[in-house]
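K.L.:
Provided herewith is a single structure, encoded as structure tokens, for subsequent inquiry.
The values are calculated or read from the model by the stated rules, or taken from the named source; none is laboratory data. In this text the structure is predicted, and so the values were computed from the model without any measurement. Methodologically, a virtual Cβ is constructed for each residue, glycine included, from the backbone with ideal geometry; neighbour enumeration extends over all protein chains shown. Just the protein is used for accessible areas: all its heavy atoms, side chains included, with ligands, DNA and RNA removed. Shrake-Rupley method; radii C 1.70, N 1.55, O 1.52, S 1.80 Å.
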Amino acid sequence: MTNHSEAAGAPGTEQVTLRNPAELAEALPYLLGFRPEDSIVLVALHRGRFGGRVRIGIPERPGDWPSVADEMARCLVSGCKRREGIPDGIVAFLCRDPKAHETGRQTMEYLRPLAQSLRTACGGLDVPVVETLCIADDHFWSYSCPVAECCPPDGTPLAASGTSVTAAAMTYAGIQVRRPLRETRARLTPWQTAAVAEQERALDAAAMALVPRILSGAPRAEIAGETLDLAQRVWRRFGHAPAGGDTLETDLRDDEQLAHDEAARLILGLQDRLTRDHAAEWMEGDEAPLALRLWRALARRCVGPYGEHAAAPLTLAGWVAWSLGDRVEAGEALDMALEADPRYVFARLLMEACSADLDPELVRRSLRKSREDRILAASEAGSEGGGDADVHGDGDGSGVGVRSGAGGVAEVAVGPEGGSAAGQAGAEESEKSDESEESEDSRDSSEARMMRALEAALRRRGPRRSGAGKGPAQAGAHATRRPQGRRRVGRQGSRRDG
């Protein structure tokens, strides 16, 4: 579920007056900053002005609609109560393209019980729904208006994109509409091309090369340093390419510049929590846009049985997008991270903070302090003549497991949560690694500081909502996606949250 308090891109004092359902329907993309697809949207009204808004995907099962409606109503009203007071009313939108062999009117009728659930849920909180609109097949219908002359049964056509008086007024006010959400998700979705097989082989090879190093006790700092150095080289390489804007064409060019083996090494390296947290420090200035492009590219390479590994690059993409002020991409990326791994703690906390409209500066400040402390510690270690300075921490917490596959071939899986796990051949090493990781947790000061900053900020905003930060995957909008094929190896208790 995404929660917005401002119209995307609104510069401040400009006002646009909306007088009827047609103008409301045409204004919705400007209110959100993007064109919602397959979505429920609730927008609060305060003395005739728009306030907070929440959006979630429409659950496939009608049986989930009442509970989702209740959760959305509580989310919107409680959020508005903290910021602006209880709303005077709510406008509800149901946006869905007709399925094959279905008309827009049939879609509208199918969603009518959902509209009623929203009215009931909001009314139960003493906030009336003043208008409920269904937008489908470039038409809109009002569930609140029974007058056929005003709202014909076959719907009212929407004005062509960008041509209505409402669109002109919104554009004049400086409010922009960005690309559709499906394009945002496409930039973060694993490949489905002929190159998948080659990328999967590269991931297998990288895991096979990493496993012996982990089991032989290679220092965590050594592996982390290699991962971060490679990541910097790659995103700097992105920066040398001709400027082409932040578009799908840019993604294609980035994919061409990122070799399969490089992507594999980075994806596996980022499964270590502290490596991921150090990478999160590339969040502002000239570094942030290039790092965001790299995290998107890595998310697209988490193919086949490595689908759960996407939680790390997706969380980093969500964090950097939020830090850059793009709450739309941040919400989608974090949502997808939780679909990849619903227990990924960093993604869950960031999703909750983003939905609560917290200032990302809270996290940026914590990460800056971590970087400064690490540089200072490295400088002091170097001045004492203690050899190479350890700037990434120590231990071997990278999550790698190995087991014997069919026909005696070793099968490798790298756990996305940074918990080391080995199969039958490495059970004792796994136990030692788990113990090492437990003691290491107390020394992860940078991660602990960042998590404490997020949790403290969320506590200041009041008690957590039921299901907050879980995203549509937990609310019933989308089934949680799990990779097919090989599963992560190791004992259940060895898994660590991200």
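This table checks each residue for (1) touching a Leu at 6+ places or on another chain (Cβ under 7 Å); (2) charged (D, E, K, R); (3) crowded, with 24+ Cβ neighbours inside 10 Å; (4) at positive phi.
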site	(1), (2), (3), (4)
H309	no, no, yes, no
T315	yes, no, yes, no
V320	yes, no, yes, no
D326	no, yes, no, no
D335	no, yes, yes, no
V345	no, no, no, no
L349	yes, no, no, no
A356	yes, no, no, no
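K.L.:
Restricting attention to region 135-149, and to residues there that are out of contact with any Ser or Thr (no Cβ under 8 Å at 6 or more places or on another chain) and part of a loop (DSSP other than H, G, I, E, B), which single residue is nearest to R105 (Cα to Cα)?
P.N.:
So the first thing to find is which residues in region 135-149 are out of contact with any Ser or Thr (no Cβ under 8 Å at 6 or more places or on another chain), and the list is 135, 138, 145-149.
Narrowing the set further to residues that are part of a loop (DSSP other than H, G, I, E, B) leaves 138, 145-149.
Numbers: D138: 11, C145: 15, P146: 15, V147: 16, A148: 14, E149: 16 Å.
If we take residues in region 135-149 being out of contact with any Ser or Thr (no Cβ under 8 Å at 6 or more places or on another chain) and part of a loop (DSSP other than H, G, I, E, B), then D138 is nearest to R105 (Cα to Cα).
K.L.:
Additional query: From the list L350, L292, pick out the single residue that is within 11 Å of the chain's Cα centre (by Cα) and either under 29 Å from G52 (Cβ atoms) or among the polar types (S, T, N, Q) (or both).
P.N.:
Exactly one residue qualifies, and that residue is L350.
K.L.:
Now for a different question. For the structure I just gave you, tell me whether I175 is touching a strand residue (DSSP E or B) at 6+ places or on another chain (Cβ under 6 Å) and modelled with pLDDT under 90.
P.N.:
no
K.L.:
Continuing with the same structure: Just for region 245-302: of the residues that are touching a residue at least 60 places away in the same chain (Cβ under 8 Å) and among the basic types (K, R), which one is surrounded by the most Cβ atoms within 10 Å (Cβ to Cβ)?
P.N.:
Within region 245-302, the match that is surrounded by the most Cβ atoms within 10 Å (Cβ to Cβ) is R273.
K.L.:
Can I ask one more? Out of the residues in region 53-99 meeting the condition of being charged (D, E, K, R) and assigned to a helix (DSSP H, G or I), tell me which one is most open to solvent (accessible area, probe 1.4 Å).
P.N.:
Filtering first and then ranking leaves K81.
K.L.:
Among the residues of region 115-133, are any open to solvent by 70 Å² or more (accessible area, probe 1.4 Å) and not in a helix (DSSP H, G or I)?
P.N.:
Checking region 115-133: at least one residue is open to solvent by 70 Å² or more (accessible area, probe 1.4 Å) and not in a helix (DSSP H, G or I).
K.L.:
Just checking, which of E37, E14, E23 is open to solvent by less than 40 Å² (accessible area, probe 1.4 Å), modelled with pLDDT under 90 and among the acidic types (D, E)?
P.N.:
Step by step, each of E37, E14, E23 is checked, and only E23 is open to solvent by less than 40 Å² (accessible area, probe 1.4 Å), modelled with pLDDT under 90 and among the acidic types (D, E).
K.L.:
Can you pull out every residue in region 72-123 that is at pLDDT 95 or above and in contact with an Asp or Glu (Cβ under 6 Å, 6 or more places away or on another chain)?
P.N.:
Listed by number, the list holds a single entry, A121.
K.L.:
Taking only region 212-226 into account, find how many residues are modelled with pLDDT under 85, among the hydrophobic types (A, V, I, L, M, F, W, C) and open to solvent by 10 Å² or more (accessible area, probe 1.4 Å).
P.N.:
2
K.L.:
Now for a different question. Evaluate the following for E339: is it at pLDDT 85 or above, open to solvent by less than 10 Å² (accessible area, probe 1.4 Å), touching a Lys or Arg at 6+ places or on another chain (Cβ under 7 Å) and closer than 29 Å to C75 by Cα?
P.N.:
yes
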